[in-house]
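To start, the structure under review is shown below, and the notes come after it.
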Amino acid sequence: MTASHDDVLREQITYYRARAGEYDEWFLRQGRYDHGAEENARWHAEAQQVAGALDTVLGAASGRGRTDTLELAGGTGLWTQRLIGHSDSLTVVDASPEMLAINRERLGSLADQIDYQAADLFTWRPARRYDLVFFSFWLSHVPPERFAAFWSLVRDCLAPGGRVFLVDSLYALTSSAHDHRLDAEATHMTRRLNDGSEYRIVKVFYTPERLRAELAALGWQADLRATPTYFLYGQATPATQSG
């Protein structure tokens, strides 16, 4: 990877650290992310569809016995609060200490049960293995040049019989802020904070078909789906331990 790509990744971390206090506005459809009652209702309904699918997977995992869960890029805890109720242990990793502070606050007393780790996911390595690895809205921020290396890391995180559940964004013009420009084919974009400051980040949009094919080439089996407009989600297992 060239130095320019490394610069973008560093800028991406800086952006998410600076964005921590306003990050939830995106998911909650507030401020610059408010696209009107009809579009907001569609977003929330589709988010609930994804949450229901995750709950089904979590329930099945806990029904099989002990579940040790790893959340990569845990952010402000919007999904952490779902994971904790079905996990015997939960580790949350994020490059932004500011995000993790909000995550802790959101989880309240449950945060004491979580192993929080502030670390760059491109250099972090697991000290143990997990039954479930979860990440939301993270894969689209992994440069194509690091796609294979990232999935190698994920494989190293999984215990025998373990699985991945992921959530990410589909390409949709109303998925981001009014003043953001989206390009379905680009791998970088410029993001703006509420104060007008701008940052470059990695942004890669996948379809279920494209992601399934790219994972198959790396030896993964994936059951991936899309909501009508906004979200890509599903499970993946190494082909040698699927089932």
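Sorted on the mean count of surrounding Cβ atoms within 10 Å across their residues, most packed first, peptides 21-34, 123-136 read 123-136, 21-34.
How far, in degrees from 0 to 90, does helix 3-19 lean away from the longest principal axis of the Cα atoms of the chain, to the nearest 10? Between the helix axis and the principal axis of the chain, the angle is about 90 degrees. Between Asp115 and Arg66, the modelled labels are 1.2 nm apart [label points 7 Å from Cα along Cα→Cβ].
Mean separation of Cα pairs under 8 Å and 6 or more residues apart, divided by the residue count, gives the range 3-241 a relative contact order of 20 percent.
Seen against the Cα atoms of the chain and their longest principal axis, helix 37-63 is set at about 20 degrees. The charge dipole of the range 123-243, taken about its Cα centre with unit charges on the Cβ of Lys, Arg, Asp and Glu (plus for the first two, minus for the last two), comes to roughly 300 debye. Given Phe134, Ala47, Gln12, which one lies farthest toward the positive end of the charge dipole of the range 5-143, if we put +1 on the Cβ of every Lys and Arg and -1 on the Cβ of every Asp and Glu? Checked the options; the winner is Phe134. Judged by the ratio a/c of the largest to the smallest principal axis of the C-alpha gyration tensor, the range 1-89 counts as oblate, that ratio being 1.5 or greater while a/b is no larger than b/c. Only the Cβ atoms of Lys and Arg (+1) and of Asp and Glu (-1) were treated as charged; on that basis the dipole of the range 3-241 about its Cα centre amounts to roughly 480 debye. Using the rule -39500 (n - 2.57) for each DSSP H run of four or more residues, divided by the residues of the chain, the 222 nm mean residue ellipticity is -11000 deg cm²/dmol. Take the chain, drop everything but the C-alpha atoms, weight them equally and run the Debye formula without solvent; then report log10 I(q)/I(0) at 0.12 Å⁻¹ to two decimals. Evaluating at q = 0.12 Å⁻¹ gives log10 I(q)/I(0) of -0.67. Within the chain, DSSP assigns beta bridges of which about 45% are antiparallel (rounded to the nearest 5).
None of the figures in this text is laboratory data; all of them are computed from the coordinates on show. Every value quoted in this text rests on a predicted model; they were computed, and no experiment measured them. Using ideal geometry, Cβ is built from the backbone for each residue, glycine included, and neighbour counts are taken over all protein chains shown.
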